[in-house]
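Working notes, beginning with the structure itself.
Since every read-out is calculated from the coordinates, none of them should be taken as a lab result. Remember, it's a predicted structure, so these values are computed and weren't measured experimentally. In this analysis, Cβ positions are derived from the backbone assuming ideal geometry, glycine residues included, and neighbour counts consider all displayed protein chains.
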Amino acid sequence: MHRSPAQDFFSFLLGGGLFAGGIFLLLNQVMVATPGGIGAMGRGGGAYRHGMRYGYGAGLGLPPIGGLTGGMGLLMIPFGLGVALLFVNAYRKLAWLLVWGSGAALIVGILHSLDMNFMPTTLWALVTMIVMIAAGAGLMFKSLYGDGDRDKED
């Protein structure tokens, strides 16, 4: 059986919609918060949110500002050096390595400092999300694979 490009395109769009919908529903169940929460007061403070206490531990040190810890501020040194080298137009490969490397490390550090929790959901909803993601990915790969004539070589 031969499939037309229009069928492959429709199959890809349908799969993309299912995949995107499943990813959206799955990510919609994740609660993201900073360790201190909003309204944390000074040392050892914390905030109550959704019945959970977010705090700074034993009250040692100041709370992080904007999710950045003290060590992550040091990443601005190689980032600034890389930007300066780019403006001087010298050592371009090293400059781009410094800019992209420190930027990536900064993003990883910010994501690492977040608290992510999966909110309670029913098993039916979770299975529906996973089936949507898997079926969507399968339809997209099937439409990209072609009509399967390569398997029927005699």
### Summary
The residues T128, T122, sorted from fewest to most surrounding Cβ atoms within 10 Å, come out as T122, T128
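Using a 10 Å cut-off around each Cβ, can you sort W100, W124 from fewest to most neighbouring Cβ atoms? Don't skip to the end; give the middle numbers.
Values: W100 12, W124 8.
The order, fewest Cβ neighbours first, is W124, W100.
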### Task
Output ³J(HN,Hα) for segment 103-108: one whole-Hz value per residue in order, computed from phi by the Karplus curve 6.51 cos²θ - 1.76 cosθ + 1.60 with θ = phi - 60°, and x for Gly and Pro.
x, 5, 5, 5, 5, 4
### J(HN,Hα) series, segment 76-84, from Karplus relation 6.51 cos²θ - 1.76 cosθ + 1.60, nearest Hz, glycine and proline x
6, 5, x, 5, x, 4, x, 5, 4
